[in-house]
Amino acid sequence: MKWSRGRDEDMSGVDDLRDLKERVAGRRPPLLSVYLNVNPGNPENRNRAYVIRLKDALREEGVPKGFAGEVVGYVEELRPRMRTLVLFSSPEGWREVRWIGVELPEEVFWGEPYVAPLDLAVDEYAPVGVVVVDAKRVRLLVSSLGSLEEELKEANVFDTAGWREITLSPSSASPQGGMAHDLFERRVEEWVRRFYKRAAGEVGDHVKSLGLRRLILAGPEERTAEFVAELPREAKDLVAARIHLPQDVSEGELARRISETEEEIERSEESELLRELRERGVRGLEETLRALDEGRIYRVAVPWPLPDEISWCDSCGVALAAGHERCPYCGGPVRTRRLANALSGLAASRGASVEFVRGENARALREELGGIAGLPRF
């Protein structure tokens, strides 16, 4: 296949996702959008079964046979580098290929550019700062796109597969002569406190410069409590969780606990959003779309996956509940679009954000709030 234009890169952060979305969203249809789980550790991918799934999906989407064969041939030659392969391609030869270190829902779409899964990844895997504390050092790790699974390396400043680390180590201290043990311990604790104060200031500066929206503290319980007390107010307000870990915890266990904690935080924030929506939210597809179009809501909650389709008027730029044959505003024709894709652009144009809800929270959103809901501005 002669694909002469485009890029094939690893994605290490949400800024890469946003850049990819901008590059793809404006492409003229028909465009092939592929989100393919190629994780070798997934039993469902034994013997490169993802190639078979891709073939079946291309056939179901009605992708032209010759073009579909070229795409399959290209994917067959690839060696998976990360868990998800993201591919956008046009029959004219334009393409964008990316590798992502997390598992996105597997989808194949033929038509307009399908970028909603990129929005999901931005929402789900926003950068998180992890401060690892003990008596001897403080590290600030930045997790993005599942990179917590990557191997940690000690260094002053490094960036490996989405991780950035700032290591601060105090000078060693040792007791003098006949100094009493308790006096020495008090002096050491004061020395640690001063170190924490200095390190907390450094962490606060980096949190601000990196634009982190939440922090996780990890380490011995008493040490994390001492350190958080020294954090600047702006950084302290971002602490979403503390993980109590022994000082000699392995890096593998640290990564596992952080991953679990991030998942718990995300689901907890979704539950809080649902609570607000139950109290004062706009509910149901038709009412929510109308409120969004009129600029009355600033935050929209939708379940994932979101396979629903809606009617769309290109002249008015409005989304309507499925089934409309003509636009009620201008009387012009409408076309069918995926709701997830339409919401992305519509919300951005109305100054609203889209929050994707998963798991049990997605079930509750469908069963209790009509499948989609929004928070009013006033």
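Look through the range 295-307, keep the residues that are assigned to a loop (DSSP other than H, G, I, E, B) and open to solvent by less than 70 Å² (accessible area, probe 1.4 Å), and return whichever of them is modelled with the lowest pLDDT.
So the residue we want is Leu306.
Considering each residue of the range 308-321, count those that are assigned to a loop (DSSP other than H, G, I, E, B), farther than 30 Å from Glu272 by Cβ and either in contact with a Ser or Thr (Cβ under 8 Å, 6 or more places away or on another chain) or open to solvent by less than 20 Å² (accessible area, probe 1.4 Å) (or both), and give that number. Before you say what the answer is, go through the steps one by one.
Within the range 308-321, the subset assigned to a loop (DSSP other than H, G, I, E, B) is 308, 314-317, 321.
With farther than 30 Å from Glu272 by Cβ added as a condition, the list becomes 314-317.
Filter once more, so that each one left must be either in contact with a Ser or Thr (Cβ under 8 Å, 6 or more places away or on another chain) or open to solvent by less than 20 Å² (accessible area, probe 1.4 Å) (or both): 317.
The total comes to 1.
Might you check whether a residue that is without any contact (Cβ under 8 Å) to a residue 24 or more places away in the chain, among the hydroxyl-bearing types (Ser, Thr, Tyr) and part of a helix (DSSP H, G or I) occurs anywhere in the range 324-337? Let's see the steps before the verdict.
Applying the first criterion (without any contact (Cβ under 8 Å) to a residue 24 or more places away in the chain) to the range 324-337 yields 324-334.
Remaining after also requiring among the hydroxyl-bearing types (Ser, Thr, Tyr): 329.
Now drop any that are not part of a helix (DSSP H, G or I), which leaves none.
Checked the range 324-337: no residue is without any contact (Cβ under 8 Å) to a residue 24 or more places away in the chain, among the hydroxyl-bearing types (Ser, Thr, Tyr) and part of a helix (DSSP H, G or I).
Determine if the range 322-331 includes at least one residue that is under 26 Å from Tyr114 (Cα atoms), open to solvent by 40 Å² or more (accessible area, probe 1.4 Å), in contact with a helix residue (DSSP H, G or I) (Cβ under 7 Å, 6 or more places away or on another chain) and of a type in the set (Lys, Arg).
no
Any residue at all in the range 253-272 that's in a strand (DSSP E or B) and surrounded by 15 or more Cβ atoms within 10 Å (Cβ to Cβ)? Walk me through it before giving the result.
The first filter runs over the range 253-272 and keeps only residues in a strand (DSSP E or B), leaving none.
Within the range 253-272, none of the residues are in a strand (DSSP E or B) and surrounded by 15 or more Cβ atoms within 10 Å (Cβ to Cβ).
Going by the conditions given, is Ala200 modelled with pLDDT of 90 or more and open to solvent by 30 Å² or more (accessible area, probe 1.4 Å)?
Details: modelled with pLDDT of 90 or more: yes; open to solvent by 30 Å² or more (accessible area, probe 1.4 Å): no.
Here the answer is no, as Ala200 does not meet what is asked.
Name the residues in the range 70-103 that are in a loop (DSSP other than H, G, I, E, B) and touching a Ser or Thr at 6+ places or on another chain (Cβ under 8 Å), would you? Don't jump to the end; show me each part of the working.
Quick first cut of the range 70-103, residues in a loop (DSSP other than H, G, I, E, B) only: 78-83, 90-93, 101-103.
If the condition is that a residue be in a loop (DSSP other than H, G, I, E, B) and touching a Ser or Thr at 6+ places or on another chain (Cβ under 8 Å), then Gly93, Gly101, Val102, Glu103 are the ones that fit.
Restricting the range 347-359 to residues that are touching a residue at least 12 places away in the same chain (Cβ under 8 Å) and in a helix (DSSP H, G or I), which is least open to solvent (accessible area, probe 1.4 Å)?
Ala347
Can you confirm whether Ser344 is within 12 Å of Leu292 (Cα to Cα) and open to solvent by 70 Å² or more (accessible area, probe 1.4 Å)? If you could, list the steps in order and put the result at the bottom.
Values: within 12 Å of Leu292 (Cα to Cα): yes; open to solvent by 70 Å² or more (accessible area, probe 1.4 Å): no.
Here the answer is no, as Ser344 does not meet what is asked.
Taking Asp56, is it under 22 Å from the mean Cα position of the chain (by Cα) and either modelled with pLDDT under 95 or open to solvent by 30 Å² or more (accessible area, probe 1.4 Å) (or both)? Break it down stepwise before answering.
Values: under 22 Å from the mean Cα position of the chain (by Cα): no; either modelled with pLDDT under 95 or open to solvent by 30 Å² or more (accessible area, probe 1.4 Å) (or both): yes.
Against the criterion (under 22 Å from the mean Cα position of the chain (by Cα) and either modelled with pLDDT under 95 or open to solvent by 30 Å² or more (accessible area, probe 1.4 Å) (or both)), Asp56 does not qualify.
Could you say which residue among Gly281, Gly317 is on the phi > 0 side of the Ramachandran plot and touching a Leu at 6+ places or on another chain (Cβ under 8 Å)?
Just one listed residue meets the conditions, Gly317.
Across the range 15-35, what is the total count of residues that are within 18 Å of the chain's Cα centre (by Cα) and part of a helix (DSSP H, G or I)?
So the answer is 8.
Going by the conditions given, is Glu112 more than 20 Å from Arg53 (Cβ to Cβ), modelled with pLDDT under 95 and open to solvent by less than 20 Å² (accessible area, probe 1.4 Å)?
Numbers: more than 20 Å from Arg53 (Cβ to Cβ): yes; modelled with pLDDT under 95: yes; open to solvent by less than 20 Å² (accessible area, probe 1.4 Å): no.
Judged against the criteria, Glu112 is not a match.
Which residues, taken from the range 36-53, are assigned to a loop (DSSP other than H, G, I, E, B), at pLDDT 95 or above and open to solvent by 50 Å² or more (accessible area, probe 1.4 Å)?
Residues of the range 36-53 that are assigned to a loop (DSSP other than H, G, I, E, B), as a first pass: 38-42.
Next cut, at pLDDT 95 or above only: 38.
If the condition is that a residue be assigned to a loop (DSSP other than H, G, I, E, B), at pLDDT 95 or above and open to solvent by 50 Å² or more (accessible area, probe 1.4 Å), then no residue fits.
Test each condition in (1) open to solvent by 90 Å² or more (accessible area, probe 1.4 Å); (2) under 30 Å from Val14 (Cα atoms); (3) modelled with pLDDT of 90 or more for Glu222 and report the one that comes out false.
(2)
Applying the selection to the range 228-250, what residues are exposed (fewer than 13 other Cβ atoms within 10 Å of the Cβ) and in a helix (DSSP H, G or I)?
Step one: filter the range 228-250 for residues exposed (fewer than 13 other Cβ atoms within 10 Å of the Cβ), giving 229, 233-234, 237, 246-248, 250.
Result: Ala229, Arg233, Glu234.
Give me the pairs, please: first residue somewhere in the range 119-131 and free of Cβ contacts under 8 Å to residues at least 60 places away in the same chain, second residue anywhere and of a type in the set (Val, Ile, Thr) and part of a loop (DSSP other than H, G, I, E, B), beta-carbon distance under 6 Å, and either six or more positions apart or on two chains.
As it stands, the answer is none, since no pair meets every condition given.
Looking for whichever is touching a Pro at 6+ places or on another chain (Cβ under 8 Å) and in contact (Cβ under 8 Å) with a residue 60 or more places away in the chain here; the options are Leu212, Leu273. Which one fits? Break it down into steps so the answer makes sense when it comes.
On the way: Leu273 fails: touching a Pro at 6+ places or on another chain (Cβ under 8 Å).
The match here is Leu212.
Cβ-Cβ under 6 Å, sequence separation 6+ or interchain: first residue in the range 66-80 and open to solvent by less than 50 Å² (accessible area, probe 1.4 Å), partner of a type in the set (Lys, Arg). Which pairs?
Short answer, once both residue conditions are applied: Val72/Lys55.
For the range 121-143, state whether one or more residues are over 30 Å from Asp205 (Cβ atoms) and either open to solvent by less than 30 Å² (accessible area, probe 1.4 Å) or outside any strand (DSSP E or B) (or both).
no
Against the conditions (1) open to solvent by 40 Å² or more (accessible area, probe 1.4 Å); (2) out of contact with any Gly (no Cβ under 9 Å at 6 or more places or on another chain), where does Leu339 fall short? Just the number, please.
All conditions pass for Leu339, except number (1).
The values are calculated or read from the model by the stated rules, or taken from the named source; none is laboratory data. Computed from a predicted structure; not experimentally measured. Ideal geometry is used to build each Cβ from the backbone, glycine not excepted, and the neighbour counts take in all protein chains shown. Surface areas here come from the heavy atoms of the whole protein model, side chains and all, with no ligands, DNA or RNA. Shrake-Rupley method; radii C 1.70, N 1.55, O 1.52, S 1.80 Å.
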